[in-house]
Structure formats: structure tokens, C-alpha cells
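Where a number appears in this text, it was derived from the coordinates with a stated rule and is not lab data. Keep in mind that this is a model prediction, so the values were computed, not measured. So basically every Cβ, Gly included, is an ideal-geometry build from the backbone, and we count neighbours across all protein chains shown.
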Amino acid sequence: MTEFYDELEHRDPALRETQLMAALPHQVAAALRTPALAERLAGVDAATVNSREALVALPVTRKHELLARQQAERAHDPFGGFSAIGWRSLRGGSGALRVFQSPGPIYEPEGRARDYWRMARALWAAGFRAGDLLHNSFSYHLTPAGSMLESGAHAIGCTVFPGGVGNTELQLQAMTELKPDGYAGTPSFLRIALEKAAETGVSLPALKKAMVSGEAFPAALRDWMRERGLEAYQSYATADVGLIAYETAAREGLVLDEGVIVEIVRPGTGDPAPAGEVGEVVVTVLNADYPLVRFGTGDLSAFLPGPCPTGRTNARIKGWMGRADQTAKVRGMFVHPGQVAEVLKRFPEASRARLVVSGEMANDQMLLKVETPSREESLRQRLAEAIRDVTKLRGEVELCTPGSLPNDGKVIDDTRKLG
């Protein structure tokens, strides 16, 4: 059994970086041909965006901004000007194979490229091969999850049973009679199916592997499935950019997909987080059909040091570690992670900060904990003044030892008991 899906997975890291940076100007040029991104990237020369330093200078587009633009433009462009493809009455009739709707609602196009969402790589790492029968219990309606896994399975050469969601008894009957080699879907539904099989005395000896996503996949659940003869691997993907990272047999984090450029930034900003620090996952996907550049997923993760023990040489992330959306309403005013970052930027002697919101409703209190080697009272006072200047609210300041704040990506910690 071939270990790698293709040669891209084990290429020299320096070569990968060179090739990704060579592709980046073409991606920016494609983005500039769409109305929404041409507006966001006004004045940018695509040819000059050929390094990570140049990429960082571009704005991050977050999901709430994409949604707001779609809502504003919906009467004449349901994609809000972000998509380069459409149908006869949109974009001149070329490109889109399917259109999906995610919560918001946000509309996403699916292009006609083979394995458009690039899920085959994740399925391959989970052990799927040509000739396998894949039981796909991801949703086939509205959202793209079912299509994402099906197109990836077809690219490998698998046969797919489109189970979709729900109908546990019917799906279990299909598993019993068709004897699929593997499963794709949420880990929770797979557990339900396995427990139902045990309750009814049904045996599923052929089911040996699974690709799970859409939910957290704790090690305890992975081990529970392994005890029942099934090896399950997780992938991290979104409806906006497709596959971002995938698990391998090493079980040490998730390896980045070869078709994306991933950054970890401090929540609420576009600033790269130091190596190993938890921050927001920002993705530039090499896809001219839907050319999102520096798309903020709103998810938290962190880079892991070193390559994957399987021999895959791309960078690795820890996996999904929560959400970066941490806005809090204090004394009638919204406070954003970006405002905390703005305060921090004014003080080079400070490294990290966390704003703790406490108290009862109508008696909110803010405490900014700041990592710094300084214990100067003047620094504390200047930080308090900066809080008031940026947020228009008063807050206390606590100077903390460098490295003492938790590395969990949390910038605003709202400890109030509401309701």
C-alpha cells in the first residue's frame, strides 16, 4: 500500500515554500478579478505578493464580513462578489457545478475541478483506496459536506453509498448488507451506529476505517472505536475553503493540505502569532474559482514543531481548539479581541495580554492581564490609559510574568454569569 497520496506530500519543505509563493501572485490576481476582493485589495499589485511578508500585509476577510457582503448584494449576486464562477444569469453561464448553503445563510460555489474540495488526500491518509465502498453519512442537502467527501472518494476510485444524515436503522441495515470498507461522517453518528449494532446483535466486521469531521474527536472516542476494530481519522475542513488539514497514522496533530497557505494569527488581528502560540486559523486557498485570500476561519489552533513522523513534510497544526470569536459587551459597549491587540501594539515591552471581564450585569469590571518583565507603575498607568482610549471603557491592569498566561488563544475571558 503506497504511503503517500502524491509526491507533493514528501517534497522538500524549501521547494514547497518556493512553489506556494510562486502560485500566490496568481491567486491574488484571480481575487482581484472578483468585485468584492478587488475592493478589499484595492491598490495591491498581485505580482508583488510573492512572500509571506507580502501576504501578511493584506487584510483578513472574516466570515461575518463575507456574510454581510452577501446579504448586501443578494439581489443581484448571492455570492456577494467573492466567486469567479456562476451560471447563465450570473458570471456569464460558466463554472459552477453546485451551489450550497451554510448557516447564515452563506452561499458557496462548487467548481468543476476533479476533487474540488481536495478531500482525497485526507481519505487516502485514513487508508481508503480504489475499490473500497465508502458509507458517507455526511449531509447531502444544503451544506457541502456530503459532496466534499464523495468527490474525494471518487477521485481515489472508491464506490460511495450516500447515506446522508438520520435514518439510523436504514443506514445500519445498509452497513450490514453492503458491508462497506469504511465510513465518512461525524464521529457522534458513527458511535450511535456502532452502539445500535451492538444492541441489536448486528456484526460489522468489514467496517475497518473511518474519516470523521464536523465535530471534536477526543482520544477517548478514538480509542473506543479502535477497541471495536475500527481506525478512525479526523480531517479539518470548512465549506468556504475545503480541506485545511488531515490526520495521519502518526496521530500527532494534523498535516496541512498541499493546496492551501495557512497562517496562525492573533485573534481579532491579521498579525502572525509566535510559533506555537494558539491563534486564529487564516487560509489562502489556491483556487481561482473561489479565490479567498487570507480568509479568517474563526477557528483556533497552533502550529506544531517538526515534520510528521510518517514522512509527510508539510507543517502540522494541533487541530481544532475552539473559536476565536470572543466579542464581549461591557457596560453597553462591544469589546473586540482586535481592540486588545491594539492596546498591546502600543507597548513593545509587553508580549501577550488577556482581558478578563467579571462582575454582575450593570456592574461589569475589566482587568487586562499583560505579560511583561516590567513592574513599573508608570507602565500600568499607561496601559490603563490605552484601554480607556481604545475601548472607551475603564479597566484595571495586572502585570504578569512572561509565559504565565494560558496558551489557549483566549484574548477576552468573559467570566460573568449571565441570565
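Computed quantities for the displayed model
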item: Rounded to 5, the percent of DSSP beta bridges in the chain classed as antiparallel; result: 60
item: Region 326-342 and region 161-197: distance between their alpha carbon centers, rounded to Å; result: 44
item: Pairs of Lys in the chain closer than 19 Å at Cα, counting only those 8 or more apart or on different chains; result: 16
item: Which of M148, M175 has the fewest Cβ neighbours within 10 Å, and the rest in rising order; result: M175, M148
item: DSSP bridge orientation in region 50-203 - percent antiparallel, rounded to nearest 5; result: 45
item: Estimated 222 nm signal from helices in the chain, with DSSP H stretches of n ≥ 4 weighted -39500 (n - 2.57), rounded to 500; result: -8500 deg cm²/dmol
